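Visitor: This is the structure I have questions about; it appears just below.
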Amino acid sequence: MKYVSTRGIAPELEFEDALLAGLARDGGLYVPVEWPQLSERKIRALAGLPYEEVAFRVMRPFIGEAIGDDDLQRMIGEAYASFRHKAIVPLRQLGSNDWLLELFHGPTLAFKDVAMQILARLFDHVLAAKGRRVTVVGATSGDTGSAAIEAFKGRDTTDIFILHPKGRVSEVQRRQMTTVLDANVHNIAIEGSFDDCQALVKAMFNDHGFRDEVSLAGVNSINWGRVMAQIVYFFTAAVALGGPARPVAFSVPTGNFGDIFAGYAAARMGLPIEKLIVATNVNDILARTMESGRYEVDKVVPTISPSMDIQVSSNFERLLFDAYGRDGATVTRLMQSLSQSGAFTIDALRLEAIRAQFGAARVDESETSATIKETLAATGELLDPHSAVGLAAAARLRGDPSVPMITLATAHPAKFPDAVKAATGIHPDLPPAMADIFTREERLAALPNDLGAVETFIRERARSVAA
Ligand SMILES: Cc1ncc(COP(=O)(O)O)c(C=O)c1O
Ligand SMILES: N[C@@H](CCOP(=O)(O)O)C(=O)O
């Protein structure tokens with residue numbers, strides 16, 4: 001499988017090179033040149049298989065010859081061995097046809113572990129084969145960073161630098177990152193928002209001199225490997241509820257549009273999905289775009305679902321690429337408009353096509369808290385605020401009651417104890433392995449929102465700086 005940039009200029013790459021490239025050199029995001037198809041018979045055959053086997057069958061067509069079947073199966077097995085639930089991503093029934101897909105049973109208690117645990121192993125494998133080392137940079141609103149640090153810590157092939165917005169992640173999220181003291185791990189608190197951190201990461205990729213000097217690689221969902229690994233659970237959930245014979249709907253708590261784009265990819269591969277609901281908090285750029293066709297960046301507002309406090313949703317570019325018939329020149333024009341004026345407009349025809357597949361809802365702070373409280377009372381399930389945004393959006397946009405509605409539960413409530421306690425009076429406990437997190441030593445640097453300062457910090461510490 002080859003990969004093409006959404007801007008249409010950077011050369012096509014094989015899987016392993018797209019994996020290490022992160023952002024394409026023309027500023028675009030890599031997508032497969034075509035969507036691999038899983039026939040109805042092949043999808044049906046996934047029912048009842050262990051998660052690891054479904055992961056192998058869904059990811060295999062994206063990966064190509066560079067990684068053999070045995071190696072891929074071994075890496076998948078190792079990746080999910082650390083999950084606390086034997087189903088890896090269990091489905092829980094909440095109402096007659098309402099389901100919660102629990103994606104938070106990995107080592108750092110958020111859905112990011114599902115992709116990051118396999119991504120780090122793919123990196124190691126490919127880097128060892130090439131005899132290379134890379135400098136990984138990532139931006140986080142709290143969860144990507146902790147999952148990436150957990151997955152990459154101590155690896156000889158990588159140094160990892162994670163930028164988070166200072167004071168805008170929960171204390172548990174921050175400590176999950178800053179208490180990892182391995183020599184290859186570096187945390188940077190940036191004066192600004194997640195969007196500022198993400199813009200710095202993209203600017204480092206677009207600074208080709210720096211990029212080559214430190215052998216830059218990325219682990220945000222700009223990296224196709226992240227999205228690929230997230231496609232798997234859309235298949236496991238759908239087949240568990242009668243797919244492919246019976247279409248299902250998903251409500252996805254959304255920020256950077258990576259997770260829901262994985263659902264879109266599953267649909268493009270042949271999985272019958274009736275609707276994908278974009279569930280946003282008050283940082284509602286995507287809900288506004290679906291409504292009006294105008295994508296217009298606003299100020300980021302801090303919320304009780306901080307991991308979704310995002311305005312510039314990277315992966316929306318991947319959807320635009322498909323919506324505009326894979327025309328890189330048009331995507332480039334829209335993205336130039338975004339960087340010059342903070343906005344672009346989607347034409348009516350494309351918007352209609354997007355709306356056929358996606359719905360969207362904005363959930364405010366009081367509705368999020370009320371959903372946590374009411375869900376606990378009605379079902380006994382203690383939700384985190386991000387999952388609550390998803391569940392509230394699902395309730396609002398629910399269509400045909402015979403179609404199973406699956407809400408993605410993206411984080412464990414113990415990552416956001418203050419919001420959960422305020423809503424329910426219950427303080428959710430961390431799993432025993434993390435119970436001492438508040439007394440562990442922290443290590444982090446604070447830097448201004450300044451590209452030069454961040455690049456200097458990284459250059460001085462990365463082991464892969466060219467001599
Ligand atoms: C807990 C949680 N829920 C939802 C999201 C949104 O996912 P995405 O950025 O893929 O849209 C994030 C962050 O990305 C998150 O950390
Ligand atoms: N919510 C994310 C933001 C980064 O998203 P990514 O999926 O592009 O890595 C976070 O928790 O860091």
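None of the figures in this text is laboratory data; all of them are computed from the coordinates on show. None of these values were measured; they are calculated from a predicted model. Ideal geometry is used to build each Cβ from the backbone, glycine not excepted, and the neighbour counts take in all protein chains shown.
Visitor: Yes or no: Glu455 of a type in the set (Asp, Glu) and either in contact (Cβ under 8 Å) with a residue 24 or more places away in the chain or under 30 Å from Leu200 (Cα atoms) (or both)?
Guide: Yes; evaluated as a whole, the condition is true for this residue.
Visitor: Scanning for something buried (at least 22 other Cβ atoms within 10 Å of the Cβ) and over 20 Å from the mean Cα position of the chain (by Cα), does segment 317-334 turn up at least one residue?
Guide: Yes, some residue in segment 317-334 is buried (at least 22 other Cβ atoms within 10 Å of the Cβ) and over 20 Å from the mean Cα position of the chain (by Cα).
Visitor: Identify all residues within segment 60-94 that are in contact with a strand residue (DSSP E or B) (Cβ under 8 Å, 6 or more places away or on another chain), over 18 Å from Pro50 (Cα atoms) and aliphatic (A, V, I, L, M); write none if there are none.
Guide: Residues satisfying the conditions are Ala66, Leu94.
Visitor: Next up: Quick check: is even one residue across segment 260-278 assigned to a loop (DSSP other than H, G, I, E, B), farther than 19 Å from Val54 by Cα and within 16 Å of ligand 1 (Cβ to nearest atom)?
Guide: Scanning segment 260-278 turns up no residue that is assigned to a loop (DSSP other than H, G, I, E, B), farther than 19 Å from Val54 by Cα and within 16 Å of ligand 1 (Cβ to nearest atom).
Visitor: Right, another one. If Gly243 satisfies every condition in (1) under 28 Å from Arg268 (Cβ atoms); (2) assigned to a loop (DSSP other than H, G, I, E, B); (3) within 16 Å of ligand 2 (Cβ to nearest atom) but one, which is the exception?
Guide: (3)
Visitor: Of the residues Ser339, Ser369, which is surrounded by fewer than 17 Cβ atoms within 10 Å (Cβ to Cβ) and either at positive phi or out of contact with any Asp or Glu (no Cβ under 6 Å at 6 or more places or on another chain) (or both)?
Guide: Ser339
Visitor: Sticking with this structure for a sec: Report the residue count in segment 350-378 for those that are within 27 Å of Arg294 (Cβ to Cβ), among the acidic types (Asp, Glu) and free of Cβ contacts under 8 Å to residues at least 40 places away in the same chain.
Guide: 2
Visitor: Let me ask you something else. Would you confirm, using the coordinates I've provided, whether Ser387 is over 19 Å from the mean Cα position of the chain (by Cα), in a helix (DSSP H, G or I) and among the small types (Gly, Ala, Ser)?
Guide: No: the conditions fail for Ser387.
Visitor: Under 7 Å by Cβ, and 6 or more places apart or on different chains, what pairs join a residue from segment 99-123 that is on the phi > 0 side of the Ramachandran plot with one that is among the hydrophobic types (A, V, I, L, M, F, W, C) and within 13 Å of ligand 1 (Cβ to nearest atom)?
Guide: Final answer for the pair search is Leu109/Ala411; Leu109/Ala414.
Visitor: On to the next question. Which of the residues spanning segment 39-51 are surrounded by 17 or more Cβ atoms within 10 Å (Cβ to Cβ) and touching a Pro at 6+ places or on another chain (Cβ under 8 Å)?
Guide: Hit for segment 39-51 is Ile43, nothing else.
Visitor: How many residues does segment 247-276 hold that are in contact with a strand residue (DSSP E or B) (Cβ under 8 Å, 6 or more places away or on another chain) and of a type in the set (Lys, Arg)?
Guide: 1
A quick yes/no check of all residues on (1) within 16 Å of ligand 2 (Cβ to nearest atom); (2) closer than 14 Å to Ala360 by Cα:
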residue: Ala199; (1), (2): yes, no
residue: Asp207; (1), (2): no, no
residue: Gly218; (1), (2): yes, no
residue: Gly225; (1), (2): yes, no
residue: Phe235; (1), (2): no, no
residue: Asn281; (1), (2): yes, yes
residue: Asp284; (1), (2): yes, yes
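Visitor: Right, something else. Do you know which residues across segment 305-316 are β-branched (Val, Ile, Thr) and surrounded by fewer than 24 Cβ atoms within 10 Å (Cβ to Cβ)?
Guide: Residue satisfying the conditions is Val312 alone.
Visitor: Ok, one more. Can you tell me which residue is surrounded by the fewest Cβ atoms within 10 Å (Cβ to Cβ) among those in segment 202-240 that are outside any helix (DSSP H, G or I) and hydrophobic (A, V, I, L, M, F, W, C)?
Guide: Within segment 202-240, the match that is surrounded by the fewest Cβ atoms within 10 Å (Cβ to Cβ) is Leu216.
Visitor: From Asp429, Asp450, which residue is surrounded by fewer than 16 Cβ atoms within 10 Å (Cβ to Cβ) and under 30 Å from Phe210 (Cα atoms)?
Guide: Asp450 is the lone residue from the list that is surrounded by fewer than 16 Cβ atoms within 10 Å (Cβ to Cβ) and under 30 Å from Phe210 (Cα atoms).
Visitor: Another question about this same structure. Only one of these conditions is not met by Thr140: (1) more than 12 Å from ligand 1 (Cβ to nearest atom); (2) under 18 Å from the mean Cα position of the chain (by Cα). Which number is it?
Guide: Thr140 satisfies every listed condition except (1).
Visitor: Same structure again: From the list Ile222, Ile190, Ile260, which one is touching a Cys at 6+ places or on another chain (Cβ under 6 Å) and either of a type in the set (A, V, I, L, M) or within 25 Å of Ser402 (Cβ to Cβ) (or both)?
Guide: Residue meeting the stated conditions: Ile190.
Visitor: For segment 13-75, which fully contained helices (runs of 4 or more DSSP H) count at least 1 residues that are in contact with a Ser or Thr (Cβ under 7 Å, 6 or more places away or on another chain)?
Guide: 51-63
Visitor: Among the helices (runs of 4 or more DSSP H) confined wholly to segment 297-359, which include 3 or more residues that are touching a Phe, Trp or Tyr at 6+ places or on another chain (Cβ under 7 Å) and within 16 Å of ligand 1 (Cβ to nearest atom)?
Guide: Of the helices (runs of 4 or more DSSP H) lying wholly inside segment 297-359, those with at least 3 residues that are touching a Phe, Trp or Tyr at 6+ places or on another chain (Cβ under 7 Å) and within 16 Å of ligand 1 (Cβ to nearest atom) span 316-323.
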